[in-house]
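What follows is one structure encoded as structure tokens, with my remarks underneath.
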Protein chains: 2
Amino acid sequence: MSQTRPPAPAGSSQLIRQLNAQRVLSCMWGREPSTATELMHATGLTRATILTLCRELTEQGWLEVSENSRQAGQYTKGRPALRYAFREDACHVIGVDAGLHQVTAAVANLRGVEVGCATRESNPQGSDAPPQPAQERRRTILDTVDAALAQAGLAHADVACLVIAVPAPVDSSGHSPKGLNPFWSLMNPELISLGAEHGWDCAVDNDANLAALAELDLQSSSLHDSFAVILSGERLGAGIVMEGRLLHQPRGGIGELGMLDLVHGVESANGLGWWARHLAREALQKTPELAGPLGEVTAEAVTSEHVFAAAAQGDPLAREIIDQLADRLARICVVLSGLLDLDRILVSGAIAPALTDVAALAKQKLAQYLYAPWLQIEASTLGADAVRRGALRLAVDRIQDRALNSGPGH
Amino acid sequence: MSQTRPPAPAGSSQLIRQLNAQRVLSCMWGREPSTATELMHATGLTRATILTLCRELTEQGWLEVSENSRQAGQYTKGRPALRYAFREDACHVIGVDAGLHQVTAAVANLRGVEVGCATRESNPQGSDAPPQPAQERRRTILDTVDAALAQAGLAHADVACLVIAVPAPVDSSGHSPKGLNPFWSLMNPELISLGAEHGWDCAVDNDANLAALAELDLQSSSLHDSFAVILSGERLGAGIVMEGRLLHQPRGGIGELGMLDLVHGVESANGLGWWARHLAREALQKTPELAGPLGEVTAEAVTSEHVFAAAAQGDPLAREIIDQLADRLARICVVLSGLLDLDRILVSGAIAPALTDVAALAKQKLAQYLYAPWLQIEASTLGADAVRRGALRLAVDRIQDRALNSGPGH
DNA sequence: TCGCTTATATTAAGTCTTTATATTAAAGCG
DNA sequence: CGCTTTAATATAAAGACTTAATATAAGCGA
């Protein structure tokens, strides 16, 4: 009975195979097609190894052989190299910006390119009706997702991951604190369970955190810089990236800005949009017969858009308000950057495009409070897209992690 | 000429050897002696592999065979197992707390146990003399280090790493900002070069950061909690640990608390010791003939120690001051914990032992400003040792990293 | 069309490292 | 002294990589 040896020892040396497969796949993830020779230089592995791994990854569905070997035109002599391409449509992901007033869902491929998008009103801005109850909100989100899928021409089975952004703190299991602030529960009524019925991987996260991820995706210039993204509409929220990684805590409270109540000249966590409207209304009530563009609106009807538009036309009151907003923003930057030594602070959200001047002014005012000449203060170029893009980015990241860590689980 | 094949292919499969050696060494680093069987359970590797690795690590000097195989007494029958022990004295490290008023150096083995310690006065507390010039400070530090080594009975060659803590921000290359604050340059006059003459690995870091490391070392109960350590003597400084890792930035500005100037009820980055003295002096000047223990000191001579001692005796003025200190601390905690969602905040430094009551009071007052019932606010038990212990911890960590990552470089 | 050149793909050793099994060694105990 | 127990060593087998040789797929020129 000692003649026959069991055939499969199954050593732990498959680990190295896993590591190398990871390296190859990360080299190709979201990139242009590559030849074995290019991958050899990128990874330091041998041609034989690279080709074996590429074959495996192709069988798993992550890569495919692209035919344009010679057309790519690096060289003209010799046997044309095989070119392996990242399969950006191996599966798709969905990112949802589930805001208070509207819900936007986008379908994207694994490069993060949107192939479908849909929006539904949720709690219309003007109305004084109570916010949607939990079931209705869940329904709205599912409807929006289905509409986005329909526009993309994809079925539920084509989707691998769903990420939902909500204006509330979200803990590491996807829930928001109950009881403390009823608004939070209404914004995130157990949304983490939404993906389950289609068997999708699902995550819920705070909107500001995801906006920060979107910026991280975009500004990959200096990979190790640190920044905060301030989401600044009606209320303030922040996401913080340190050395290329988004800070997270199990309770999900990072970037909550309630503590601004204690900061001189800020006094609240209300957003810049809120303050623009508030300051304008106050001034209009005080002097109803005001000259200039801003005087044409009544105190009740004035919005932040009016203020920014008027400021662009040179209205002195609007300019004064802009100046106050900039001072507020500068002080917020002092707190964030003074404590965390950030490289830059980005103001994002739907009103970001209007805040270019405010950010520049804030940068000037910063020096009054803090020596940090390196600090950039800018308005995000993503604007209203930031949160949704961040959700898509997280979804793609989750798929990539899964691909790298648990091989064939396609 | 094709018969003879080159002997050494040197594949990348040594990588797995490296990884496994790392696992084994981390399992044993600073721990009690282990048998192969124990390591098998800890690492999942086979006995043969474990023993090979242990033999290699022994040759490299990190482990040694300890003879008390059977005495350990887990079992009594069968062949006694080899027991490999971590060589805590493979080399030694030095940690220096280079404060403004005094310099303390300690020599420790690789478990972090101090085997020698020495202190030198630097800029005596009372004196109004200008601070030591750069060369003199470097000399003082080297003297202290030599004294500590002499007490430990060790030579320069026995030391592998030197870490120096200074009360100034320190960037990732060990330098402090020049020009901005002359005090910083005086505290850190290119100390990073001090280790070079003996060939030691050398690092310089901010004192509050290192105090945070010391706490991380101590409270390893819950490995993934997040906290801040506030070093609170004359000036405030903080070190921040998120999910078990110390936050760092290339410029070294994390935990600088200058932004507290903007916080209501805090208004400055002065430390709790400074405030205790300041408030007492103010009150004594206002009413020179004060009853109670605190009235026995003159306004000029009063120190924070007087205040804490008087409060312990029930002096009403001192209690009032304690209350104000607690409010200040609570507000600082609101800013830190509100933004970063910390699990606890520790107050450290030489006056920490006197701050137990202040911390408890601050915890009570916190609820006025922030809902965070999970937040612990406590005085560190390390007190004046915190910074030096943190320096030692960093030094040991650096040696461990070097051991794990570059094999035989002993 | 037939070689020749060039660049890549495939295949066949050879080595390293681990696992699995068998064998040997070192105790204690009756 | 033999038996039992537990650990260390030896040997064989398998996975994974590298090296080197060989095969393949072009283009180019005579």
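The values are calculated or read from the model by the stated rules, or taken from the named source; none is laboratory data. Everything quoted here is computed from the prediction, not taken from an experiment. Cβ placement follows ideal geometry from the backbone for every residue including glycine, while neighbour counts extend to all protein chains displayed.
To keep it simple, each residue is scored yes or no on (1) surrounded by fewer than 18 Cβ atoms within 10 Å (Cβ to Cβ); (2) at pLDDT 90 or above.
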residue: B:THR144; (1), (2): no, yes
residue: B:ALA152; (1), (2): no, yes
residue: B:ALA155; (1), (2): yes, yes
residue: B:ALA165; (1), (2): no, yes
residue: B:PRO177; (1), (2): yes, yes
residue: B:HIS198; (1), (2): yes, yes
residue: B:ASP207; (1), (2): no, yes
residue: B:LEU210; (1), (2): no, yes
residue: B:LEU218; (1), (2): yes, no
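For region A:113-146, the set of residues classified as in a loop (DSSP other than H, G, I, E, B) and closer than 16 Å to A:TRP184 by Cα consists of A:SER122, A:ASN123, A:PRO130, A:PRO131, A:GLN132, A:PRO133, listed by residue number. If you check A:ALA318, A:ALA238, A:ALA291, which single one turns out to be free of Cβ contacts under 8 Å to residues at least 40 places away in the same chain and not in a helix (DSSP H, G or I)? On inspection, the qualifying residue turns out to be A:ALA291.
When you look at A:ILE345, is it more than 11 Å from chain B (Cβ to nearest Cβ), in contact (Cβ under 8 Å) with a residue 12 or more places away in the chain, over 26 Å from B:VAL266 (Cβ atoms) and among the β-branched types (Val, Ile, Thr), yes or no? In short, no.
Restricting to region B:101-132, give me the number of residues that are out of contact with any Pro (no Cβ under 7 Å at 6 or more places or on another chain), farther than 24 Å from B:TRP29 by Cβ and without any contact (Cβ under 8 Å) to a residue 40 or more places away in the chain. Final tally of qualifying residues: 13.
Being at pLDDT 70 or above and either over 28 Å from A:ASN109 (Cα atoms) or within 7 Å of DNA strand D (Cβ to nearest atom) (or both) is the filter here, so list the residues in region A:1-40 that pass it.
Step one: of region A:1-40, the residues at pLDDT 70 or above are A:13-40.
If the condition is that a residue be at pLDDT 70 or above and either over 28 Å from A:ASN109 (Cα atoms) or within 7 Å of DNA strand D (Cβ to nearest atom) (or both), then A:SER13, A:GLN14, A:LEU15, A:ILE16, A:ARG17, A:ASN20 are the ones that fit.
From the list B:GLN285, B:GLN249, exactly one residue is at the interface with chain A (Cβ under 8 Å from one of its Cβ atoms), out of contact with any Phe, Trp or Tyr (no Cβ under 9 Å at 6 or more places or on another chain) and farther than 24 Å from B:GLN376 by Cα. Which is it? Spell out the reasoning first.
Values: B:GLN285 fails: at the interface with chain A (Cβ under 8 Å from one of its Cβ atoms).
Selected residue: B:GLN249, the only one of B:GLN285, B:GLN249 that is at the interface with chain A (Cβ under 8 Å from one of its Cβ atoms), out of contact with any Phe, Trp or Tyr (no Cβ under 9 Å at 6 or more places or on another chain) and farther than 24 Å from B:GLN376 by Cα.
Going through (1) outside any helix (DSSP H, G or I); (2) closer than 30 Å to B:ALA372 by Cβ one by one, A:LEU110 falls short only on (2).
Every condition in (1) more than 16 Å from DNA strand C (Cβ to nearest atom); (2) under 23 Å from A:ILE399 (Cα atoms) is met by A:HIS101 except one, and the failing one is (2). For A:ARG111, the stated conditions hold: it is under 20 Å from A:ARG398 (Cα atoms) and out of contact with any strand residue (DSSP E or B) (no Cβ under 7 Å at 6 or more places or on another chain).
Please tell me if B:GLY338 is on the phi > 0 side of the Ramachandran plot and either assigned by TED's automatic domain parsing to the domain that holds B:MET242 or among the basic types (Lys, Arg) (or both). Step through it out loud before you land on a result.
Working: on the phi > 0 side of the Ramachandran plot: no; either assigned by TED's automatic domain parsing to the domain that holds B:MET242 or among the basic types (Lys, Arg) (or both): yes.
Taking the combined requirement at face value, the residue does not satisfy it.
Considering only residues in region A:33-52 that are away from DNA strand C (no atom under 11 Å from the Cβ) and touching a residue at least 24 places away in the same chain (Cβ under 8 Å), the one that is farthest from A:GLU88 (Cα to Cα) turns out to be A:LEU45. Considering only region B:228-246, I want to know if a residue exists there that is touching a strand residue (DSSP E or B) at 6+ places or on another chain (Cβ under 6 Å), hydroxyl-bearing (Ser, Thr, Tyr) and within 10 Å of chain A (Cβ to nearest Cβ). For region B:228-246, residues touching a strand residue (DSSP E or B) at 6+ places or on another chain (Cβ under 6 Å), hydroxyl-bearing (Ser, Thr, Tyr) and within 10 Å of chain A (Cβ to nearest Cβ): absent.
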